[in-house]
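To start, the structure under review is shown below, and the notes come after it.
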Amino acid sequence: MIEDPQPTLVVRMIARIHSTTAEGAIHSLATFAQFIEPGPDGFQVSGVHIEDRPEFPWRGLMLDVCRHWMPVEVVKRNLEAMASEKLNVMHWHLSEDDGFRVESKRYPRLHQTGLSGCYYTQDQIRDVVAYGHGLGIRVIPEFDMPGHSTACFAGYPVGFRRGYGSPPKGEGPHLGGGSTGAGRTSARPTLTNRS
């Protein structure tokens, strides 16, 4: 595929986008791009009026980089593809039994002892979140604790234990304790509507 070295833009009519948010304008541009089609003198957009309201406010994708590692460049390509389809939320699954994929400065063995040793630095996490924001996508880094967290045992076998009490000083974080110790099923969250 050879790219045209001198593309020409001829504007004969005005295209207007009305949006109350930057994200809405970004998604409107994606919709506009979908209407570009070949014409007799090159590419064109037919006259059209669009009122585009998404059916669902949360239109997202979940990336599981714990079981299937993806370098930052691949994560960003996924964000670009999401933007072209007007998806607005990326749920970034970063902790799992197979690995803890984020650099921890306080507990470095969390990310150092995973299956493959692949992890994102804190700066890379911030970069991906900002990149998604620029595309109109909210990136939600997710740490699934205490469930799906056996990778933590590899780095801190004493600190991550079931039961009550505190781990020995300096042995790492502790999951559980009190009346809602890890492994108990009696604690039930209460969901409330805050609208």
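The values are calculated or read from the model by the stated rules, or taken from the named source; none is laboratory data. Since this is a predicted model, take the numbers as computed values, not measurements. Please note: Cβ atoms are built from the backbone with ideal geometry, for glycine as well, and neighbour counts cover all protein chains shown.
For first residues located in region 16-29 and part of a helix (DSSP H, G or I), partners that are among the aliphatic types (A, V, I, L, M) and surrounded by fewer than 16 Cβ atoms within 10 Å (Cβ to Cβ) and lie 6+ apart or on another chain with Cβ distances below 9 Å form the pairs G24/I17; A25/I17; S28/I17; S28/I50; L29/I17.
Output yes when any residue across region 96-119 is surrounded by 14 or more Cβ atoms within 10 Å (Cβ to Cβ), assigned to a strand (DSSP E or B) and among the hydroxyl-bearing types (S, T, Y), and no when none is.
Restricting attention to region 96-119, the residues satisfying the condition of being surrounded by 14 or more Cβ atoms within 10 Å (Cβ to Cβ) are 96-104, 107, 109-115, 118-119.
Applying the additional criterion that residues be assigned to a strand (DSSP E or B) yields 96, 99-100, 102.
Filter once more, so that each one left must be among the hydroxyl-bearing types (S, T, Y): none.
Looking for residues that are surrounded by 14 or more Cβ atoms within 10 Å (Cβ to Cβ), assigned to a strand (DSSP E or B) and among the hydroxyl-bearing types (S, T, Y), one finds none in region 96-119, hence no.
Among residues of region 125-141 that are buried (at least 16 other Cβ atoms within 10 Å of the Cβ), those with a beta-carbon under 7 Å from a residue that is modelled with pLDDT under 95 and in a loop (DSSP other than H, G, I, E, B) at least six positions away or on a different chain give the pairs G136/N88; I137/L87; I137/N88; P141/L94. Considering every residue within region 34-50, establish whether at least one is without any contact (Cβ under 8 Å) to a residue 60 or more places away in the chain, surrounded by fewer than 16 Cβ atoms within 10 Å (Cβ to Cβ) and within 22 Å of the chain's Cα centre (by Cα). Taking every residue of region 34-50 in turn, none turns out to be without any contact (Cβ under 8 Å) to a residue 60 or more places away in the chain, surrounded by fewer than 16 Cβ atoms within 10 Å (Cβ to Cβ) and within 22 Å of the chain's Cα centre (by Cα).
On the given criteria, is Y107 without any contact (Cβ under 8 Å) to a residue 24 or more places away in the chain and touching a Gly at 6+ places or on another chain (Cβ under 8 Å)? No: the conditions fail for Y107. If you go through region 30-83 and keep only what is of a type in the set (A, V, I, L, M), in contact with a Ser or Thr (Cβ under 8 Å, 6 or more places away or on another chain) and in a loop (DSSP other than H, G, I, E, B), you end up with just I50. Among the residues of region 53-70, those identified as touching a residue at least 12 places away in the same chain (Cβ under 8 Å), more than 10 Å from H93 (Cα to Cα) and surrounded by 12 or more Cβ atoms within 10 Å (Cβ to Cβ) are P54, R59, G60, L61, W69.
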